[in-house]
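Since the structure comes first, as structure tokens, the remarks are kept for the end.
The values are calculated or read from the model by the stated rules, or taken from the named source; none is laboratory data. Only a predicted model underlies this, so the values are computations on that prediction, with no experimental measurement involved. Cβ placement follows ideal geometry from the backbone for every residue including glycine, while neighbour counts extend to all protein chains displayed.
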Amino acid sequence: MKSVWKVAMFLGLASQLVAAEKPDVQTIVNKANIVAYYQGKDGKAIVKMKITNKQGQERTREFNILRKDVKDGGDQKYFVYFQRPADVRKMVYLVDKHTDKDRDDDRWLYMPGLDLVKRIAASDKRTSFVGSDFLYEDISGRSLDDDTHELIQTTDTLFVVKNVPKDPDSVEFGYYNVSIDRKTYVPMKMEFYDKNGKLYRTIESTKVEQIQGFSTVVKSVVTNLQTGGRTEMEFGKVQYDIDLTDDIFTERYLRRPPREAIR
């Protein structure tokens, strides 16, 4: 009887340890969201983008991106200044991201060739980001409150979470799965399925580095299985906690970007 009791105790302890290692799905998606979009209180990087179409033709983009958190896991501000090529130079993309489900993000695009500031409607955030296979929403992130989340698989290295939009008519996909590293909580792969359940788009984190103690994706690739397009994005000179001021992220800097965005 004692040996049976010991085995039962061991199995009970083992199950408790497994449960402790497997957090609930809301904790998983919250942590992954912080790692993907909220490392440090602010940040800066130089981004190089290579866009390849089905025929193998390539285009490039290079831009500086600034990010400042209003609240960790909450509202944020983004300022994107394009350096190259000549046809997009001095273009600016500005985001005032809101996590309140009753308030849409504020997004602006400054086009220097026309000297025009264009307001990007909420319905446009799932359209192409400057002709790439990334979408506007990919750059600043999708609100966690827009979807329901279900942990559908746990492996030795990954949590796999299925995300279903609460408002199906507002997006082009039926659902998407995210594979999240169990140690770092870095989202390693996102798979988007259409309304018929067919995979049509993926985003992969192909290189991750530790920068200032933060797990940081320094290379990501999006593949559009419908068009045959592919876009690679590399992040260089990544810096965190650089004390960016709030006034940088305002409309008045669209036409005359601050030095923090240009250098």
Being free of Cβ contacts under 8 Å to residues at least 24 places away in the same chain and assigned to a strand (DSSP E or B) narrows it down to one of 66, 109, so name that one.
109
Let me spell it out: the conditions are (1) surrounded by 19 or more Cβ atoms within 10 Å (Cβ to Cβ); (2) in contact with a strand residue (DSSP E or B) (Cβ under 7 Å, 6 or more places away or on another chain), and residue 153 meets all of them except one. Which number is the exception?
(1)
Over region 126-149, the set of residues over 20 Å from residue 189 (Cβ atoms) and among the aliphatic types (A, V, I, L, M) is 130
Listed by first then second residue, the pairs whose first member lies in region 119-140 and is within 16 Å of residue 234 (Cα to Cα), whose partner is assigned to a helix (DSSP H, G or I), with beta carbons under 6 Å and at least 6 positions apart or on separate chains, are 129/136; 129/139
By residue number, the members of region 154-189 that are in a helix (DSSP H, G or I) and not polar (S, T, N, Q) are 168, 169
Does residue 89 meet the test of being outside any strand (DSSP E or B), modelled with pLDDT under 90 and not aliphatic (A, V, I, L, M)?
no
I'd like to know if region 118-125 contains one or more residues that are of a type outside the set (A, V, I, L, M), in a loop (DSSP other than H, G, I, E, B) and either surrounded by 19 or more Cβ atoms within 10 Å (Cβ to Cβ) or out of contact with any strand residue (DSSP E or B) (no Cβ under 9 Å at 6 or more places or on another chain) (or both).
yes
So if I check each of 96, 106, 147, which one is more than 27 Å from residue 58 (Cα to Cα), charged (D, E, K, R) and surrounded by fewer than 16 Cβ atoms within 10 Å (Cβ to Cβ)?
106
